[in-house]
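Some notes on the structure that comes next.
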Amino acid sequence: MKQSKYFFIIAILIVILIASGCKDDDGIAANKQIDASKLPTMVSHNVQTLLSDSGMTRYRITTKTWLAYEQQEHPHWVFPDGLIAEELDRNSFDVIMSMQCDSAHYDRTTRMLNLTGNITIHDKNGGQITCDSAYYDEEKALWSLNSMVTITNNDGSKIETNQMYWDRKASKYYSDSFIRMQAQEKILEGYGYVSNEKLTTYKVNRVQAIVPVNDTRFPTFN
């Protein structure tokens, strides 16, 4: 009986040792299943490719890393190492707008593009936009530009604010935020703004100050 008892105890110890051996260093069961829906379905490096919309070539994408998540509830693309995107004319394929940023996320369901870090946008009129973060609603053709927004026209006029909307369908900029605008040898400050894309026709609401550009007493925008 004693010998049988010892064999029983030894058998229990062996089972315990085998069970503990089936765990990794973090104590997680080695046979734990991985949720495939949380993994990218495509990983591409050093990519330059053309994208179509409604059967027509519309965009050229250049990026170091492209992660595609097609199995999730909201399929999306992630560009963790930055993105350069160029919009092409439907007929001539000339670049009509270009954009680059430090990282980007594109939701394929909502068709929303989220950009972060050192954003620079060049529009078809020769102007340039810089900001720290931005959202683009592809359905509405509407940009939401946020944090340290600067819009510079090719004639030297410039707008500085912390939030600006760019409605590409209506070809206009507008904002309800504080605005500092330099144009026609003067600087205007106010709250609220609307203009055409070329910044040639504009309106500044609730004007707070109007001074000559060469007035050294006028502070810079922060």
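Give, in nm to one decimal, the length gained when the segment between Thr110 and Lys172 is fully stretched (0.36 nm per residue of separation minus the Cα-Cα distance).
Values: separation 62, 0.36 × 62 = 22.32 nm, distance 2.31 nm.
Difference between extended and current length: 20.0 nm.
Between Arg206 and Asn46, take the C-beta separation as r, use R0 = 45 Å, and let me know the FRET efficiency to the nearest 0.05. Approximately 0.35, to the nearest 0.05. Which distance in nm do the two modelled labels at Lys124 and Asp137 give, with both placed 7 Å along the Cα-to-Cβ direction? Once both label points are built, they end up 2.1 nm from each other. Stretching Ile96 away from Glu73 to a fully extended chain increases their span by 5.0 nm, per 0.36 nm per residue minus the current alpha-carbon distance. Ranked by the mean number of other Cβ atoms within 10 Å of their residues, highest first, the peptides 42-53, 193-204, 167-178 come out as 193-204, 167-178, 42-53. The orientation-averaged projection of the convex hull spanning the C-alpha atoms of the stretch 41-212 amounts to 10.5 square nanometres.
Relative contact order (percent) for the stretch 41-212, with alpha-carbon contacts under 8 angstrom and 6 or more residues of separation? Kindly include the intermediate steps, with their values, before the conclusion.
Numbers: 463 pairs, mean separation 18.1, N = 172.
Over the stretch 41-212, the number comes to 11 percent.
Remark on Thr41: its backbone amide H falls under 5 Å from those of Ala68, Tyr69, Glu70, Gln71, a criterion applied only to residues 5 or more positions apart or on other chains, H modelled at 1.01 Å from N.
Less than 15 Å from a label point 7 Å out along the Cα-to-Cβ axis of Leu39: which backbone N atoms in the stretch 51-81 qualify, by residue? So the set is 68-72. Each of Thr65 and Asn196 was given a label point 7 Å from its Cα along the Cα-to-Cβ line. The distance between the two points is 4.5 nm. Once both labels are positioned 7 Å from their Cα atoms along Cα-to-Cβ, the gap between Glu185 and Ser54 label points is 4.7 nm.
Within a Cβ distance under 13 Å of Gly156, other residues only, what is the Lys/Arg minus Asp/Glu net charge? Taking every Cβ under 13 Å from that of Gly156, the sum is +1.
Coordinate-derived values only; no laboratory data. Everything numeric in this text was worked out from a predicted model, so none of it was measured. Methodologically, a virtual Cβ is constructed for each residue, glycine included, from the backbone with ideal geometry; neighbour enumeration extends over all protein chains shown.
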